[in-house]
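Below you'll find the structure, written out as structure tokens, and then a few comments.
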Amino acid sequence: MRNKLSNLIWGIIFIVVGVGIAGDAMQLWDFTLFFPGWWTLFIIIPCLLSLIQNGFNIGAITGLIIGAMLFASRYVSFNINYWRLIVPIILISIGLKIIFQEVFKKTIRFDNTVHVEGQENFHNINRKEYNAIFASNNIKIDDQFMGTSLNAIFGGIALDLRDAIITCDVEISATAIFGGIDIYLPKGVQVKINNIPVFGGVSNKAVYNGEPSDYTIYINSTTMFGGIDIR
């Protein structure tokens, strides 16, 4: 349902832009894509879609606030250096997430049902969250893995699952903002990626030689001026 809604939003955006350009070509109205602050939409729209698809997450909320602030700065005049507010906003968002993480934690029961649209609601109550903020964080899992959330903000995370025990389909929710995440997968698992890129991306270098019946790791991610490597 959430993927359908995000597809609807993308469809409406392309239709509006197409109609606007066509009307301008036929001299019915004036239309331009390069209005003041147009580039901030490359931050605002992907972050908004990430919230629709994956629910509340610190990366999307932070990116949405920063994008909206930079967009507003083009139309509202204050004696403020908006760029200097980016780091405080990130820190405040992280603090709020830490305080209210129990409120926003999803407790949907885990089972082996495959959700073909990307497992965005496939969370487990035992999943852990790892953060790297202006630092690095190396995590090695050698027991049962039930999914996790990764947030790399001006930092780096390395998640080593090569010795992990995976007994069902799991989800990794990952956010990289001016940072990087490396994920090392075990043998015999499939991986499916659903990424929202904002001047960033995901590189999948994992080699899979297993069976179609093997368990799947679903990676739902947002990359904003950052990247995720899957090995």
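Below are the figures for this structure:
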read-out	value
Only listed residue being under 17 Å from the mean Cα position of the chain (by Cα), at pLDDT 80 or above and in a helix (DSSP H, G or I), chosen from I90, I43, I52, I12	I43
Check on L70, crowded, with 17+ Cβ neighbours inside 10 Å, part of a helix (DSSP H, G or I), modelled with pLDDT under 80 and touching a helix residue (DSSP H, G or I) at 6+ places or on another chain (Cβ under 8 Å)	no
Filter result (in a helix (DSSP H, G or I) and farther than 30 Å from I193 by Cα) within segment 17-40	V19, G20, I21, A22, G23, D24, A25
Residues that are surrounded by fewer than 15 Cβ atoms within 10 Å (Cβ to Cβ) and either modelled with pLDDT under 85 or among the β-branched types (V, I, T) (or both), drawn from segment 199-213	F199, V207, Y208, N209, G210, E211, P212, S213
Filtered residues of segment 73-87 (kept if assigned to a helix (DSSP H, G or I) and either more than 25 Å from the chain's Cα centre (by Cα) or of a type in the set (A, V, I, L, M) (or both))	L85, I86, V87
Checklist (1) over 24 Å from S173 (Cα atoms); (2) modelled with pLDDT of 80 or more applied to I65, failing item	(1)
Index of the failed condition, G188 passing every other in (1) modelled with pLDDT of 90 or more; (2) farther than 19 Å from P46 by Cα	(1)
Index of the failed condition, Q119 passing every other in (1) closer than 20 Å to G59 by Cα; (2) in contact with a strand residue (DSSP E or B) (Cβ under 9 Å, 6 or more places away or on another chain); (3) modelled with pLDDT of 70 or more	(3)
Residue list for segment 123-141, restricted to those being more than 15 Å from I181 (Cα to Cα), assigned to a loop (DSSP other than H, G, I, E, B) and at pLDDT below 90	H123, N124, I125, N126, R127
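The values are calculated or read from the model by the stated rules, or taken from the named source; none is laboratory data. Just so we're clear, the structure is a prediction, and the values are computed from it rather than from any experiment. Because the Cβ atoms are built from the backbone with ideal geometry, glycine has one as well, and the counts that use them run over all protein chains shown.
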